[in-house]
Amino acid sequence: MPENTTHERTMQVLQQINEGQRQLEQYVTEQNMQLVEHIYNQVWGTRIISEIKLVPAEIRGIEIEEASDRLQAYISDIPDAEDIEFKSTLNVQEPKIGFVMRSANTESLRAALNDLKTHLAKYQGVNLIRDSMDKGSTELVFNLKPGADTLGVNLREVSKQVKQAYFGQEVQRIAKPGGDVRVKVRYSKQERESIDTLARLNIRTKDGREIPLMSIVDIEERPGVQRIYRRDGAKIASLHAEYAGDDQYSLMQEIHHEFIPQWKKRHPEVQFGRGDRGSDEESFIATVLRLEGLALLVSYMLMAIAFRSYMQPFLILSAIPFAFLGAVTGHLLHGATFTMFSMLGILAAAGVVINDNLVLVDAINRLREKGLSAFEAVIAAGKLRFRTIVLTSLTTLIGLLPMLWAQSIQAKFLVPMVVSLAYGVLFATIITLLFVPCLYLASFDVKKLWQRFYLSEYYPLRNHQ
């Protein structure tokens with residue numbers, strides 16, 4: 001709460017928080033679930049801290065994020081609060097809705113923020129709307145009146161003398177053992193605490209005349225900014241909010257496609273960007289995809305050199321999309337949320353898939369070198385490497401089962417990665433044993449057709465057994 005908040009108002013806010021906690025406990029009780037072990041409230045001046053200790057996750061019956069969303073909705077908004085923060089994890093948690101704006105003009109930033117805040121407040125479920133420009137105190141802006149410069153004063157000199165009157169001007173420094181004593185002249189404490197003192201303040205010109213301040217300047221009162229953030233030389237401001245609804249994706253799509261284009265037309269000086277949890281995940285996924293693409297390219301080049309073929313590396317890499325399909329299916333079956341850890345699980349599954357396909361294709365090539373036909377080599381390699389491929393996948397899957405079924409809170413955040421890895425390996429193993437051999441035979445037939453119809457005069461067709 002602001003520093004000048006009365007004790008009565010602080011206690012009213014605490015009662016509002018307690019009422020929200022009571023409604024949350026009532027909801028949990030009606031659903032025959034357990035959630036709260038005890039509640040601890042603390043007030044330090046104008047700062048309110050409320051901690052809720054939850055029962056163990058194994059008997060909780062409600063996800064901690066859902067409980068946090070409901071608590072935010074029950075408490076509702078606290079309009080005069082400087083900052084409100086809900087933490088449902090020990091990690092740094094970005095708000096569900098976040099936007100970042102940048103401009104060289106502070107007033108343009110403030111107008112753009114207020115426009116967006118007004119629009120967000122219309123959506124049901126959006127609460128705790130706050131921005132980085134909310135916390136400044138009121139400031140006074142001096143503007144010279146027309147003709148004031150003919151008196152030999154400028155805005156810089158006026159500001160300097162006003163500062164001297166309120167903060168003091170050093171007139172003497174007395175040397176003493178242990179340090180100098182600085183003597184400053186300024187208004188008394190009572191005069192410094194009153195804005196009315198400005199009406200009696202005189203400004204001294206260069207020729208020694210004294211002119212009343214109010215006769216040469218216009219004073220404008222406007223909301224100030226406590227802290228100005230900059231990035232690449234431009235001022236930036238952020239707007240954050242929480243959302244307690246069920247379909248945040250549709251909400252963000254509506255904001256971006258219906259409101260933001262019109263908002264940009266009204267505020268052409270302001271650049272727009274995202275600053276919520278979704279933007280961090282999208283940035284992470286984009287980075288992972290770029291690095292994975294580079295890794296696949298390097299893998300393809302190495303396998304092309306090893307197998308002396310441009311086609312066979314594609315056969316080996318062909319099962320990776322099915323690993324992704326398996327990961328998505330696993331998330332649907334377990335009701336898990338697709339997160340950044342899910343992407344890491346897919347990458348790990350891709351490594352297992354490539355290893356299985358390498359073993360199979362290498363066995364086919366070795367049998368082909370011994371004189372077997374393509375069809376015979378595929379059948380023989382499948383029998384020869386079946387046990388190796390299946391055991392590799394089964395041991396990986398069995399090793400992941402304890403974590404897949406774990407209910408402890410420490411293992412919850414790893415479940416999406418485990419689901420991706422387990423189901424990705426399971427699906428890709430089936431593809432390796434059935435789909436890759438078929439692709440090998442198909443590629444062999446394509447090669448024969450190529451030789452027969454296009455390269456026969458340069459490369460006579462060989463008899464293949």
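The values are calculated or read from the model by the stated rules, or taken from the named source; none is laboratory data. From a predicted model like this one, the values you see are computed outputs, not experimental measurements. Note that we place each Cβ from the backbone using ideal geometry, even for glycine, and neighbour counts take in every protein chain shown.
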Only one of (1) surrounded by 15 or more Cβ atoms within 10 Å (Cβ to Cβ); (2) at pLDDT 80 or above; (3) more than 14 Å from A241 (Cβ to Cβ) fails for K145. Which number is that?
(1)
Test of understanding: among G179, G125, G168, which residue is on the phi > 0 side of the Ramachandran plot and in contact with a Phe, Trp or Tyr (Cβ under 7 Å, 6 or more places away or on another chain)?
G125
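Yes/no per residue for (1) among the hydrophobic types (A, V, I, L, M, F, W, C); (2) within 30 Å of A286 (Cα to Cα); (3) in contact with a Gly (Cβ under 6 Å, 6 or more places away or on another chain):
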{"position": "F338", "(1), (2), (3)": "yes, yes, no"}
{"position": "A348", "(1), (2), (3)": "yes, yes, no"}
{"position": "R368", "(1), (2), (3)": "no, no, no"}
{"position": "S373", "(1), (2), (3)": "no, no, no"}
{"position": "V415", "(1), (2), (3)": "yes, yes, no"}
{"position": "S420", "(1), (2), (3)": "no, yes, yes"}
{"position": "Y423", "(1), (2), (3)": "no, yes, yes"}
{"position": "I430", "(1), (2), (3)": "yes, yes, no"}
What residue, of L90, L116, is modelled with pLDDT of 80 or more and either within 21 Å of the chain's Cα centre (by Cα) or of a type outside the set (K, R) (or both)?
L116
How many residues does region 1-53 contain that are in a strand (DSSP E or B), free of Cβ contacts under 8 Å to residues at least 40 places away in the same chain and of a type in the set (V, I, T)?
5
Could you list all residues from region 31-64 that are more than 23 Å from A81 (Cα to Cα), within 28 Å of the chain's Cα centre (by Cα) and of a type in the set (D, E, K, R)?
K53, R60, E63
Are there any helices (runs of 4 or more DSSP H) wholly within region 312-418 with 1 or more residues that are at pLDDT below 85 and surrounded by 17 or more Cβ atoms within 10 Å (Cβ to Cβ), and if so which?
312-317, 320-334, 340-369, 374-404
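Listed here are the residues, each with its yes/no results for (1) at pLDDT below 80; (2) closer than 25 Å to R102 by Cβ; (3) in contact with a Gly (Cβ under 6 Å, 6 or more places away or on another chain).
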{"residue": "V183", "(1), (2), (3)": "no, no, no"}
{"residue": "K189", "(1), (2), (3)": "no, no, no"}
{"residue": "T197", "(1), (2), (3)": "no, no, no"}
{"residue": "E210", "(1), (2), (3)": "no, no, no"}
{"residue": "R222", "(1), (2), (3)": "yes, yes, no"}
{"residue": "A234", "(1), (2), (3)": "yes, yes, no"}
{"residue": "D247", "(1), (2), (3)": "yes, no, no"}
{"residue": "E254", "(1), (2), (3)": "no, yes, no"}
{"residue": "E258", "(1), (2), (3)": "no, yes, no"}
